[in-house]
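*Asks:* Handing you this structure, nothing more for now.
The values are calculated or read from the model by the stated rules, or taken from the named source; none is laboratory data. Everything numeric here is computed off the predicted structure, so don't read it as measured data. All Cβ positions, glycine included, derive from the backbone under ideal geometry; neighbour counts span all protein chains shown. Protein only, heavy atoms only, side chains kept; ligands, DNA and RNA dropped before computing areas. Shrake-Rupley method; radii C 1.70, N 1.55, O 1.52, S 1.80 Å.
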Amino acid sequence: MILKGKVTKGLGTAKMWVSKIEEVFRKKTGTKLFPGTLNIRLEDEYIIEPDWIIEPEKYKGTQRVFIKKCEILGNVANIVRAEKNQIGKGDHDLHIIEIISDINFREKYNLKDDECIEIKI
């Protein structure tokens with residue numbers, strides 16, 4: 001499956017949230033995360049069918065975090081979504097996905113807001 005969308009600004013809180021889950025993520029995948037996310041506004045709503053879930057007690061949080069492996073610009077990455085966003089009660093609607101990886105995609109690929117991008121599931 002290919003998801004299509006545009007790079008978009010986030011809320012500015014990803015660094016804090018990534019820092020909360022990074023140890024759990026590293027233990028599960030071996031990947032040290034870049035402290036931020038790449039936000040994509042998709043053409044269509046997307047409900048994550050997670051490959052795995054980080055439970056709140058694992059990171060001292062308040063909600064589950066859904067993780068789905070993906071590929072972006074030829075790199076392995078993961079879509080991450082907080083449970084509240086997944087059920088339509090969070091800060092992002094279902095058109096927004098956040099990508100986590102060990103890469104700063106904006107810097108590495110000089111990505112700007114509104115650039116079209118594809119994500120392979």
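*Asks:* Quick one: which residues, 5+ away or cross-chain, put their amide H under 5 Å from the amide H of L33? H built at 1.01 Å from N.
*Replies:* So L33 has HN proximity to no qualifying residue.
*Asks:* Determine ³J(HN,Hα), in whole Hz, for all residues of segment 39-45 in sequence, where each value follows from phi through the Karplus function 6.51 cos²θ - 1.76 cosθ + 1.60 and θ = phi - 60°; x replaces Gly and Pro.
*Replies:* Coupling constants for segment 39-45: 8, 10, 9, 7, 5, 10, 4 Hz.
*Asks:* Still on this model: If you take the charge dipole of the chain about its Cα centre, with +1 on Lys and Arg Cβ and -1 on Asp and Glu Cβ, which of T29, C116, N104 is farthest toward its positive end?
*Replies:* T29
*Asks:* If DNA, RNA and ligands are ignored and the probe is 1.4 Å, what is the ranking of S101, S19 by accessible area, most exposed first?
*Replies:* S19, S101
*Asks:* Still on this structure, please answer the following. Relative contact order (percent) for segment 24-117, with alpha-carbon contacts under 8 angstrom and 6 or more residues of separation?
*Replies:* Relative contact order comes out at 32 percent.
*Asks:* Just the number please: accessible area per residue for the chain, 1.4 Å probe, all protein chains included, in Å².
*Replies:* 60
*Asks:* Please report, in debye to the nearest 20, how large the charge dipole of the chain is about its Cα centre when each Lys and Arg carries +1 at its beta carbon and each Asp and Glu carries -1 there.
*Replies:* Dipole magnitude for the chain comes out near 420 debye.
*Asks:* Of the labelled options (1) 16.6; (2) 14.3; (3) 17.6, which one gives Kirkwood radius over Cα pairs in Å as computed for this structure?
*Replies:* Working out Kirkwood radius over Cα pairs in Å from the coordinates points to (2).
*Asks:* Within the chain, what whole-number % of the accessible surface is contributed by carbon and sulfur, with the 1.4 Å probe and all protein chains included in the calculation?
*Replies:* 47
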